[in-house]
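Right, one structure below, let's go through it.
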Amino acid sequence: MLKNQGFSLLEMIISMLILNLIITGTSMFYKQLHATNMNYYLNTHLEQNIEQAISGLFKDIKRAGFIANSPSKINQKSIEINDNNNCIIIRYDSEIRHDWINDPQHLNNSDIFSYRYYQNNLEYKTGAMNCHGTNWQKIFDPNDIKVTKFVIKQNNNTIEMTLAAELKKHHHISHQIFKIIRNENRL
C-alpha cells in the first residue's frame with residue numbers, strides 16, 4: 001500500500017518558484033512583443049501616411065510642362081522652386097484644355113499646383129502663383145505628424161526631394177525619404 005503524504009514544504013516552495021519564473025518570463029516576453037508590435041505599427045503608420053500624402057506631388061512633378069497638342073504655348077517655367085528649396089510651383093494642362101489655365105476667381109480650375117514646407121507641415125494649394133499667402137491645405141494631420149525637413153532641388157530632367165517627419169506623440173518614431181522624380185515632359 002502506498003503512503004499518502006502529499007508535498008513537503010520544500011517541494012511546494014520549489015514548484016511555486018518555478019511557476020513564478022515561468023509567469024514572469026511569459027509576461028516579460030508579452031510586454032516586449034507588445035512594444036515591438038506597437039513600434040512596428042507606428043513606423044508603418046508614419047511611412048504609409050508619408051507615401052500616400054506625397055503621391056500627388058510625385059504625379060504633379062511627372063506631369064509638369066504638359067500642354068495637350070500645343071507645346072509651343074509654353075511661355076512660363078513649368079517648375080519653379082523658391083530660393084530656400086522648400087516650395088515648388090508646378091504647371092501643366094490638367095484637363096486637356098491645350099493651355100495652362102490660371103483663373104484667380106476659381107482657383108480649383110487652375111493648372112498651377114503648389115507645395116510648400118510651412119510650420120512643420122507640407123501644404124498644398126491650387127492656383128498659387130507664389131509660396132506665400134493663406135488658405136493652403138495641410139497635407140499631414142498636424143496633431144499626428146510633424147514634418148522636420150522638406151528640401152526640393154531641380155536637376156536637368158529630374159527633381160530631388162527629401163522629406164523627413166516624425167510622429168508628434170512618439171518622437172522616437174521618424175522616417176525620411178529621398179526620391180528622384182523624373183519629369184515626363186520638358187522642364
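At a glance:
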read-out: Where Ile145 falls short, out of the listed (1) surrounded by fewer than 19 Cβ atoms within 10 Å (Cβ to Cβ); (2) touching a Lys or Arg at 6+ places or on another chain (Cβ under 7 Å); (3) not acidic (Asp, Glu); value: (1)
read-out: Pair list, Cβ under 8 Å, 6 or more apart: region 79-98 residue modelled with pLDDT of 90 or more, other residue basic (Lys, Arg) and part of a loop (DSSP other than H, G, I, E, B); value: Arg91/Lys77
read-out: Single residue of region 126-142 satisfying the filter (touching a residue at least 12 places away in the same chain (Cβ under 8 Å), more than 19 Å from Asn49 (Cα to Cα) and touching a helix residue (DSSP H, G or I) at 6+ places or on another chain (Cβ under 9 Å)) that is surrounded by the most Cβ atoms within 10 Å (Cβ to Cβ); value: Ala128
read-out: Test set (1) touching a Pro at 6+ places or on another chain (Cβ under 8 Å); (2) at negative phi - Asn120 fails condition number; value: (2)
read-out: Considering residues of region 170-187 that are outside any strand (DSSP E or B) and touching a residue at least 12 places away in the same chain (Cβ under 8 Å) only, the residue nearest to Asn143 (Cα to Cα); value: His170
read-out: Tally of residues being part of a helix (DSSP H, G or I) and more than 30 Å from Ile145 (Cβ to Cβ) across region 1-43; value: 21
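The values are calculated or read from the model by the stated rules, or taken from the named source; none is laboratory data. Worth saying up front: this structure is predicted, and the values here are computed from it rather than measured. Virtual Cβ from ideal backbone geometry, glycine too; neighbours counted across all protein chains shown.
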